[in-house]
1. Return the residues of segment 1-23 that are part of a helix (DSSP H, G or I) and open to solvent by less than 10 Å² (accessible area, probe 1.4 Å); say none if nothing qualifies.
2. From the list Asp302, Asp277, Asp287, Asp268, which one is modelled with pLDDT under 95 and at negative phi?
3. Glu343 - would you say it is among the charged types (D, E, K, R), modelled with pLDDT of 85 or more, outside any loop (DSSP other than H, G, I, E, B) and under 15 Å from Ser165 (Cα atoms)?
4. Against the conditions (1) open to solvent by 50 Å² or more (accessible area, probe 1.4 Å); (2) outside any strand (DSSP E or B), where does Gly99 fall short? Just the number, please.
5. I want to confirm something. Restricting to segment 273-283 and keeping residues that are closer than 13 Å to Thr255 by Cα and open to solvent by 10 Å² or more (accessible area, probe 1.4 Å), which single residue is farthest from the chain's Cα centre (by Cα)?
6. Consider Ala77 against the criteria (1) assigned to a helix (DSSP H, G or I); (2) touching a residue at least 12 places away in the same chain (Cβ under 8 Å); (3) exposed (fewer than 12 other Cβ atoms within 10 Å of the Cβ); (4) of a type in the set (Gly, Ala, Ser): it satisfies all of them except one. Which criterion is unmet?
7. Could you tell me whether any residue of segment 187-210 is over 26 Å from Lys137 (Cβ atoms), in contact (Cβ under 8 Å) with a residue 12 or more places away in the chain and not in a strand (DSSP E or B)?
8. Quick check: is even one residue across segment 142-154 touching a residue at least 40 places away in the same chain (Cβ under 8 Å), under 27 Å from Thr318 (Cα atoms) and crowded, with 24+ Cβ neighbours inside 10 Å?
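The values are calculated or read from the model by the stated rules, or taken from the named source; none is laboratory data. What you see is a predicted model; the values in this text were computed from it and never measured. No Cβ is skipped: glycine too gets one built from the backbone with ideal geometry, and neighbour counts run over all protein chains shown. Remember, those area values only see protein heavy atoms, side chains included, never the ligands or the DNA or RNA. Shrake-Rupley method; radii C 1.70, N 1.55, O 1.52, S 1.80 Å.
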Amino acid sequence: MSNPVRPKLAAIVTTCFKYSHAQHFVDRFLDGYGWNGTHHYPPMDLVSLYVDQVGANDLSRERASRHPAMKIYPTIAEALTAGGDKLAVDGVVIVGEHGNYPRNEKGQTEYPRWEFFQQVVKVFKDSQRAVPMFNDKHLSWNWDWAKRMVDTSRELGFAYMAGSSLPVTWRIPSVEMPLGTPLREALCVGYGGVDSYDFHALETIQCMVERRRGGETGVKWVQAYRGEKFWDALRERRWSRRLMEAALCRSHTLTPARVGFNDILPSDDDLRRLVPDPIAYQYQHNDGLISTMILFNGLVKDFNFAAEIEGRREPFSTQMYLPMPDGRTTIADFFNGLVNNMEKMFLAGKPTYPVERTLLTTGLVAAGVESLFRQKSHDENKTEYKFQYPIPPDVAASQEGRYATPHLAVAYQPARESTFMRA
């Protein structure tokens, strides 16, 4: 019996150093990873690598020396063609995270994911063949480019996946939102920065709420709150206090409101003391569901979800377990689930979850950033700023910064099979 053909992969990355996203992906494809109680070696070979920025802490050259079957190429086209003139791989991984890239006036890091994607697609077109592709994290800092990336994957007919580890990591408790659940409100409490970990928190919400009755319908408007505007919104109960506390009760890293008392939830005064710069994105889906993402830096260091379900007395809640180096782990095992889902796509030629989820969360990140920037621009009387998206007729930017998001009418159905890791 002949051995099955092992797919060949190319990785296109911004930079590769310890704990960078590229290191996590490259190492798992080269050296394997823990899976279901054993060490798993992917049934495919990473044969080509392109690294956009090589610094003093680079690990890619050491990896290539230990794995001579993987070659490093000076251009993306050469990585995909193995130095020839036709596509020579069966799958592509784009990791546009980390590295020294410009930040724009809104605070978005302009990672070259779109530029990488364009160069990969050019090889596809020139070779008259397209292969499955994975894009780490959100698709692009620019919504129009993100939309074109998904549209191009459909036009060329290749399997396309993207996103965060949060939807596919462990959950504590290990529960799933049943398909067709009638949801009233959803919320995530997490941590991190704008145009960064806000994406992880939004993916946490979206992988759950997309399973509601009717599936995902897209988002009607987005409203961001920061600093005093956040405290005003909390006082006015713009989101459910019960859900916020249910999410906090799932945290393993909750800072005690009182030293020595680990079971006391923070009061509003405690929150002000512990969280110097709170941030929230609240948004309404086209079917009426309200979702809220909260970043509580100083209070938690994990991602916790809660939702109100019609007919259920208590909130539905869970933690997406993300043991982050170099505190609770050394190897970021939560990447294992993401790589395993990538393997399935490369083998079967079909995504395990819809790329529309990440298209929507990409748009939500950009919308949250836009809302915050509008407020800042108004507060500083920058009336000359031309907003990227239209202001809704019923809410002026000078009042709240909320704006309509008709471009986020991303409707889709979730995968029936759950993709998160089980213990």
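1. Result: Ala22, single match.
2. Numbers: Asp302 fails: modelled with pLDDT under 95; Asp277 fails: modelled with pLDDT under 95; Asp287 fails: modelled with pLDDT under 95.
Among Asp302, Asp277, Asp287, Asp268, only Asp268 is modelled with pLDDT under 95 and at negative phi.
3. Values: among the charged types (D, E, K, R): yes; modelled with pLDDT of 85 or more: yes; outside any loop (DSSP other than H, G, I, E, B): yes; under 15 Å from Ser165 (Cα atoms): yes.
Yes: the conditions hold for Glu343.
4. (1)
5. Arg273
6. Failed condition: (3).
7. No, because not a single residue in segment 187-210 is over 26 Å from Lys137 (Cβ atoms), in contact (Cβ under 8 Å) with a residue 12 or more places away in the chain and not in a strand (DSSP E or B).
8. no
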